[in-house]
Amino acid sequence: KHQRVDPDFQPPASMATATATVSVDAVTKTVVMPKKKEVSFWREAAASAIGGSIHAIIEQPITTPIEASITQTQVNGKSFVWNFKELFRQGALYRALPTALVGAVPKAVIHYSILNFYINSFAPEGDMKKADGQTATMIGMATGASEVMLVNPINFVKFRMQRPEWGYTGMLDAIQTIYRTEGVKAFWKGAGAVFVRNTICNGGMVGGYKFTEVALSSSFDLPDGPRHMVSGAFGGIVGSFVSYPFEMMRAARTHNISFMDEIVRKGPQRILAGWAPGAVRLVVTSAIMGSIIPHLKSFSEAMVMPSVLD
């Protein structure tokens with residue numbers, strides 16, 4: 001039998017309150033528990049690769065003649081200006097550009113994918129902006145150390161192409177000649193020095209960037225763009241200075257000269273040959289990188305397809 005419900009019946013106040021509470025909680029749960037986006041490592045890597053490739057395409061036409069002149073300065077000890085003029089006279093300032101462009105995309109994929117991996121692993125909530133200076137420095141050092149074995153052969157060929165004295169007619173000729181005359185292990189010459197240099201340099205770049213960005217945020221009301229550019233530039237100066245002796249060791253190994261006899265024994269000025277223009281080059285690189293890094297996380301999240309939503 002069914003009981004007849006009195007249409008004039010009013011529930012007790014406690015029951016009404018409980019009903020209201022349940023309704024509010026249900027609404028609250030609906031509001032505060034949105035579907036969560038899951039970003040896969042490969043989507044992060046793809047976003048990093050795109051951002052890094054844009055960085056490389058912008059960077060290489062600017063830095064290639066600077067790098068070529070620096071390489072000559074490191075090896076022959078003459079001034080940067082003298083070497084720049086000499087390479088210009090020979091029409092060799094952009095001799096290594098094709099090699100640099102061919103290597104730019106894989107290098108960017110490696111660098112930015114590894115960097116973004118460490119950001120997601122160690123930065124709070126995978127956000128570099130929320131990382132403290134110590135964490136940012138550790139991320140930079142880990143990135144620099146991790147990429148050495150993969151990137152060294154690409155850079156080795158590029159550095160060899162920067163010196164007309166080697167006589168290579170092009171990138172393929174350089175690869176074939178090096179393999180034939182020096183063996184496959186030659187492509188990793190200087191890898192140990194590069195390992196130490198990258199670890200220190202990236203730690204200085206990312207750590208210097210983070211400390212500067214925090215200082216500017218607390219002291220000046222700067223827009224995001226200029227603040228990231230200034231922070232990246234300062235990080236580049238710090239990174240290049242503290243790591244430069246190992247960069248000179250790398251140059252000596254790459255071009256088959258004695259690091260101790262040709263560089264160290266000739267004093268501090270010889271050890272720092274090419275550092276100032278190198279710092280300018282790294283400032284340009286770091287300033288561009290400082291503008292790209294904050295956008296990589298949001299960019300990769302924007303690439304997530306609807307199918308990965310819960």
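The values are calculated or read from the model by the stated rules, or taken from the named source; none is laboratory data. Bear in mind the structure is a predicted one, so any value in this text is a computation, not a measurement. Every residue, glycine as well, gets a Cβ built from its backbone with ideal geometry; the counts of neighbours run over all protein chains shown. The area values use the complete protein model at the heavy-atom level, side chains included, leaving out ligands, DNA and RNA. Shrake-Rupley method; radii C 1.70, N 1.55, O 1.52, S 1.80 Å.
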Hey, can you grab everything whose amide H is under 5 Å from the amide H of Ala96? Only 5+ residues off in sequence or another chain; H modelled, so Pro and N-termini drop out. none
Rounded to whole Hz and in sequence order, give me ³J(HN,Hα) for the stretch 114-124 from the Karplus expression 6.51 cos²θ - 1.76 cosθ + 1.60, θ = phi - 60°, writing x for Gly and Pro. 5, 4, 5, 4, 5, 4, 5, 7, 10, 6, x
Leaving out ligands and nucleic acids, note down the accessible area per residue over the stretch 53-206 with a 1.4 angstrom probe, in whole Å². 45
Dipole magnitude (debye, nearest 20) for the stretch 113-192, charges at Cβ of Lys, Arg, Asp, Glu: 280
Tally up the carbon and sulfur contribution to the accessible surface of the stretch 48-108 as a whole percent, 1.4 Å probe, everything protein left in place. 73
In whole Å, what is the distance between the alpha-carbon centres of the stretch 73-98 and the stretch 222-279? 17
Could you order peptides 129-136, 250-257 by the average number of other Cβ atoms within 10 Å of their residues, highest first? 250-257, 129-136
Could you state the accessible area per residue of the stretch 217-284 in Å², with a 1.4 Å probe and every protein chain left in place? 51
Chymotrypsin sites (Phe, Trp or Tyr not before Pro) within the stretch 175-227: which are DSSP loop residues with at most 16 other Cβ atoms inside 10 Å? Phe220
